[in-house]
Amino acid sequence: MAVYTHLGAETLASLIAEFDVGELISAKGIAEGISNSNWLIDTTGRDGAGARFILTMYEYRIELEDLPFFLSLLDHLAAKGCPVPRTIHDRSGQLYRKLGDKAVALIEFLPGVSVSEPTPGQACAVGQALAQLHLAAADFPQARANGMGPAEWLRLADACGAAGLASIDAGFAAQVAQELPQLVAQWPADLPRGVIHADLFPDNVLMLGDTVSGLIDFYFACTDLLAYDVAVTHAAWCFDGTGRDFDPAISSALLAGYESVRPLTPAERAALPLLARGAAMRFAMTRAWDWMNTPADALVMRKDPLAYARRLAFYGDPANAGVFEQG
Ligand SMILES: Nc1ncnc2c1ncn2[C@@H]1O[C@H](COP(=O)(O)OP(=O)(O)O)[C@@H](O)[C@H]1O
Ligand SMILES: N[C@@H](CCOP(=O)(O)O)C(=O)O
């Protein structure tokens with residue numbers, strides 16, 4: 001459940017009146033998600049024919065100063081034909097508004113559903129959409145450092161503490177102690193860079209059959225290694241929810257889809273095993289922190305850090321070195 005803040009009908013109606021979208025008809029809280037509160041908004045529409053939007057209130061792990069980057073990026077990508085929702089600007093042209101001490105934005109609603117068991121055809125389409133995003137963002141004029149890079153993994157591991165990680169699983173603490181210094185020391189700097197989504201999990205992709213109808217939740221987007229985004233997406237899509245079962249057909253389809261639009265350089269391909277270990281570490285660390293710091297009675301479901309510890313082990317196993325070797 002992720003509606004952290006209650007908004008009364010009057011507050012919602014006067015907020016929606018700040019946009020040229022017609023009058024508010026209904027607002028329903030959306031249960032999915034972790035970081036933000038989201039409402040499905042129906043209005044009468046500008047022309048009276050009805051219109052649908054997503055209202056997002058930014059709650060967690062998002063800095064106000066980053067909102068112009070995220071929200072302008074949506075407009076830039078949508079204008080280039082990527083399946084991302086446009087930001088609805090308010091009557092004075094602002095990308096977001098303040099409501100009390102929180103920021104809110106109105107976003108275009110996109111159709112589609114998030115798949116939980118992707119087919120190779122869907123994985124191929126996601127790979128293509130990711131590469132299309134990378135190309136379309138090449139001339140986006142803004143930049144944002146990755147706040148969830150190796151330095152943050154170190155900080156989170158330190159904040160969790162060895163005992164904290166061991167309280168989740170003894171082997172997990174040992175794995176992090178061994179892997180993390182290596183990843184930080186070996187992390188590449190000289191691969192192609194650009195704007196990346198950085199969190200393209202199945203729940204952040206909307207699909208209609210084999211077509212990607214929406215890429216959403218750009219709130220970790222940043223300027224970083226393009227191949228790292230491929231690695232994050234690979235880690236998120238190619239395993240079952242527990243991280244135990246790897247699906248080689250999904251992996252091949254995802255990589256082939258990506259390379260049908262933007263071929264990887266030889267250096268990017270060679271770096272993928274390392275980048276994938278980093279991707280697994282990133283989500284293992286944020287999940288471990290959340291696991292230890294989310295109260296048992298919180299509205300939001302904690303996600304299992306060990307599902308990413310297992311991916312980390314998979315990507316580090318020499319027996320799996322061939323996963324990224326296709327061409
Ligand atoms: N533009 C959109 N069009 C349709 N549904 C959306 C859109 N944006 C968000 N949603 C819905 O809201 C849910 C949560 O949004 P998301 O941005 O992923 O929140 P969080 O950052 O909290 O994970 C999504 O899983 C999806 O169901
Ligand atoms: N995808 C991350 C969590 C980030 O949450 P999101 O709902 O904002 O995508 C994970 O699974 O750990």
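The values are calculated or read from the model by the stated rules, or taken from the named source; none is laboratory data. Bear in mind that the values here come from a model prediction, so they are computed numbers and not experimental data. Note that each Cβ is placed from the backbone with ideal geometry, even for glycine, and that neighbours are counted across all protein chains shown.
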Check: Listed residues W291, W237; which is within 13 Å of ligand 2 (Cβ to nearest atom) and more than 22 Å from A170 (Cα to Cα)?
Finding: W237
Next item on the list: Only residues in segment 299-319 that are modelled with pLDDT under 95 count as the first member; pair them with residues that are of a type in the set (S, T, Y) and assigned to a loop (DSSP other than H, G, I, E, B), Cβ under 8 angstrom, at least 6 apart or cross-chain, and list the lot.
Entry: L299/Y4; V300/T294; R302/T294
Next item on the list: Identify, from the list T119, T87, T56, the residue that is without any contact (Cβ under 8 Å) to a residue 24 or more places away in the chain and within 23 Å of D203 (Cα to Cα).
Entry: T87
Check: Counting only residues that are crowded, with 16+ Cβ neighbours inside 10 Å and not acidic (D, E), which one in segment 63-76 is nearest to ligand 1 (Cβ to nearest atom)?
Finding: L74
Check: Do you know which of the residues in segment 89-102 that are within 16 Å of ligand 1 (Cβ to nearest atom) and modelled with pLDDT of 95 or more is surrounded by the fewest Cβ atoms within 10 Å (Cβ to Cβ)?
Finding: H89
Item checked: segment 223-234, subset among the hydrophobic types (A, V, I, L, M, F, W, C) and surrounded by 24 or more Cβ atoms within 10 Å (Cβ to Cβ), residue nearest to ligand 2 (Cβ to nearest atom) -> V232
Next item on the list: Output the number of residues of segment 272-311 satisfying the condition of being more than 29 Å from P188 (Cβ to Cβ) and within 16 Å of ligand 1 (Cβ to nearest atom).
Entry: 6
Next item on the list: Pick out the one residue from S116, S167 that is hydroxyl-bearing (S, T, Y) and outside any helix (DSSP H, G or I).
Entry: S116
Note to self: Any residue in segment 190-217 that is within 24 Å of L264 (Cα to Cα) and more than 16 Å from ligand 2 (Cβ to nearest atom) sitting within a Cβ distance under 8 Å of a residue that is at pLDDT below 95 and assigned to a helix (DSSP H, G or I)? List the pairs, counting only those 6 or more apart or interchain.
What the structure shows: none
Check: Is it true that some residue in segment 60-77 is over 26 Å from L130 (Cβ atoms) and in contact (Cβ under 8 Å) with a residue 24 or more places away in the chain?
Finding: yes
Next item on the list: Within segment 180-190, work out how many residues are in a loop (DSSP other than H, G, I, E, B) and either in contact with a Ser or Thr (Cβ under 7 Å, 6 or more places away or on another chain) or crowded, with 17+ Cβ neighbours inside 10 Å (or both).
Entry: 1
Next item on the list: Hey, can you tell me all the residues within segment 305-327 that are touching a Gly at 6+ places or on another chain (Cβ under 8 Å) and within 16 Å of ligand 2 (Cβ to nearest atom)?
Entry: L306, A307, Y308, A309, R310, R311
Check: What number of residues within segment 1-38 satisfy the criterion of being among the aromatic types (F, W, Y) and within 16 Å of ligand 2 (Cβ to nearest atom)?
Finding: 1
Next item on the list: Considering only residues that are of a type outside the set (V, I, T) and surrounded by fewer than 16 Cβ atoms within 10 Å (Cβ to Cβ), look in segment 33-47 and name the one that is nearest to ligand 1 (Cβ to nearest atom).
Entry: L40
Next item on the list: Tell me, please, whether a residue that is out of contact with any Cys (no Cβ under 7 Å at 6 or more places or on another chain) and over 30 Å from F283 (Cα atoms) can be found in segment 65-79.
Entry: yes
Notebook entry, point to check: Which residue, of A17, A79, is more than 15 Å from ligand 1 (Cβ to nearest atom), modelled with pLDDT of 95 or more, of a type in the set (A, V, I, L, M, F, W, C) and within 23 Å of H197 (Cα to Cα)?
Noted result: A79
Note to self: I need a count of the residues in segment 27-68 that are under 16 Å from the mean Cα position of the chain (by Cα), at pLDDT 90 or above and part of a strand (DSSP E or B).
What the structure shows: 3
